[in-house]
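Taking it in order: structure first as structure tokens, then the write-up.
The values are calculated or read from the model by the stated rules, or taken from the named source; none is laboratory data. Owing to the predicted nature of the structure, the values given are computational and were not obtained by experimental measurement. Here the Cβ is made from the backbone with ideal geometry for all residues, glycine too, and neighbour counts use every protein chain on show.
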Amino acid sequence: MPVAFVGGKKVYRSLNSLDSKIKEMTPPETVVISLKQHIGTPAKCVVSLGEYVTVGQLIGEADGDYSANVHSSVSGIVCAIELDENGIYCIKIENDGSNTASDPTPYTASLLTSTPEQLVEEISKYGIVGRGGAGFPTHTKLKNTLGNVNKFLINCVESEPFMTKDAALLREYPADIVSGIKIMMKILQIKKADVFVGEQMLEQGYNFLNYLKDRSFIDVNLCDDKYPQGDERQLIAAVYKTEIPYDRLPPDTFSVVFNVETCFQIYDCLSKGTPITRSLISVDGDGIETPQNILVPLGTSIADVIKFCGGLKDNCKCVVVGGSMMGDAVNPFDTYVTKTTSSITCFKNPPEHKGEDCIRCGRCEDVCPMHIPVPLLNRLWEIDDISEAKINMAHICVGCGVCTYVCPSDLPLKDRVEELREKIIMEAENE
């Protein structure tokens, strides 16, 4: 019986990109690499204008624990170092096409004799960050959980409707994933790990289970395919029937959740000695010619990714980056791939929120995974009452968008609650 959390909603899913083999995109002529591809402090620029860089070379050095190294995805000349619209430095590199790589330094010490601290220190060099959206530095998350958890959950649920990259990884790289899981189990000092897949990925989960020769340390479990089951809080709530208070984190329940791609990346980086220079992205939607999962060099423009997938269909009206439920519509020509870019969805007819009057049906509140009073918050948004919005917990919204999805009045509820949340956060920062 699939496990499920309280709330949420089954949404339309597209699996158009699932059956294609993961492809590697040819590096573009230029890349624009942001020094902030993670939650926390931007990396510090360590290259100069006009400098020649190689694939995998450090171009941004982590500035503290809540930061991550950034590496070049191409070889060529640094032709610009500029601030973006958010005040973050970006490094533009003109690709010379030679794909000259920095010398790799694989981790050669035995896993049996390595300490958790040694492994975390090694992982910190490669710039690995969480792939769930926020981009939390993986080495910091591991460091913060050392000795504090006894449950290790591997998230392969992928509740975003157009995303299949994790299922593709599970299908094509089971050995690397298992090796990554073993490394993380060594770090966490845990003897068993649980992999979770959604109902629509049952075949991939079953095949992975069959691949396992030794099932004593890894179990594969099935989750209800409702949205947003892939959120780590909802996954823990579904599995252990324990909801994490909004001001607490998974380790407070002695649990830690990592995305399956993080497991893959840890083994890939340590075994090859090469850092993160690409992002695995699901490209789908009725407005793209060839839906597929592709490995894209960091700093590639979304327009170049779309071109690699055959281009947009003539009547495509909207390109969304970050998932159709939680993502944002973007201009593909001035938006670039980062470590947290997980999907690009192209729509012929994107939903238009006309915003009729709220009929107070309560559907949005019923499906909210954080159980906040969405109808009341909508009213507070209308009168701009930030104080009452804070009392009614607008700041704990996770931005999943399921409220907007079920609204019969077609109100942009997610955007309104997020606006309240941002104002609450800004007020707190200014106090």
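Laid out as a table, the results:
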{"read-out": "Condition met for I39 (modelled with pLDDT under 95, more than 20 Å from D268 (Cα to Cα), of a type in the set (V, I, T) and not assigned by TED's automatic domain parsing to the domain that holds N144)", "value": "yes"}
{"read-out": "Every residue from the stretch 244-258 that is buried (at least 18 other Cβ atoms within 10 Å of the Cβ) and not in a helix (DSSP H, G or I)", "value": "I244, S255, V256, V257, F258"}
{"read-out": "Where L49 falls short, out of the listed (1) within 22 Å of Q265 (Cβ to Cβ); (2) assigned to a loop (DSSP other than H, G, I, E, B); (3) not β-branched (V, I, T)", "value": "(1)"}
{"read-out": "Residues located in the stretch 322-342, provided they are crowded, with 22+ Cβ neighbours inside 10 Å and polar (S, T, N, Q)", "value": "S324, T341, S342"}
{"read-out": "Meets criteria (charged (D, E, K, R), within 19 Å of G133 (Cα to Cα) and surrounded by fewer than 21 Cβ atoms within 10 Å (Cβ to Cβ)) for E419", "value": "yes"}
{"read-out": "Boolean, T345 is outside the structural domain of P408 (by TED's automatic domain parsing), free of Cβ contacts under 8 Å to residues at least 40 places away in the same chain, closer than 30 Å to G130 by Cα and buried (at least 16 other Cβ atoms within 10 Å of the Cβ)", "value": "no"}
{"read-out": "Selected residue [buried (at least 23 other Cβ atoms within 10 Å of the Cβ), acidic (D, E) and in the same structural domain as V120 (by TED's automatic domain parsing)] from D225, D231", "value": "D231"}
{"read-out": "Of all residues in the stretch 5-46 being charged (D, E, K, R) and not in a strand (DSSP E or B), the one that is surrounded by the fewest Cβ atoms within 10 Å (Cβ to Cβ)", "value": "K21"}
{"read-out": "Residue check, D252 charged (D, E, K, R) and closer than 18 Å to C156 by Cβ", "value": "no"}
{"read-out": "Qualifying positions in the stretch 356-371 - of a type in the set (D, E, K, R) and in a loop (DSSP other than H, G, I, E, B)", "value": "E356, D357, R360"}
{"read-out": "Search result, residues across the stretch 160-199 that are aromatic (F, W, Y) and surrounded by fewer than 21 Cβ atoms within 10 Å (Cβ to Cβ)", "value": "Y173"}
{"read-out": "Residue check, V402 at pLDDT 95 or above, in contact with a Leu (Cβ under 8 Å, 6 or more places away or on another chain) and closer than 20 Å to T164 by Cα", "value": "no"}
{"read-out": "Flag if D19 is within 20 Å of S342 (Cα to Cα) and charged (D, E, K, R)", "value": "yes"}
{"read-out": "Index of the failed condition, L202 passing every other in (1) closer than 26 Å to L146 by Cα; (2) modelled with pLDDT under 90; (3) out of contact with any helix residue (DSSP H, G or I) (no Cβ under 7 Å at 6 or more places or on another chain)", "value": "(1)"}
{"read-out": "Verdict on G64 being farther than 27 Å from I288 by Cβ, touching a residue at least 40 places away in the same chain (Cβ under 8 Å) and outside any strand (DSSP E or B)", "value": "no"}
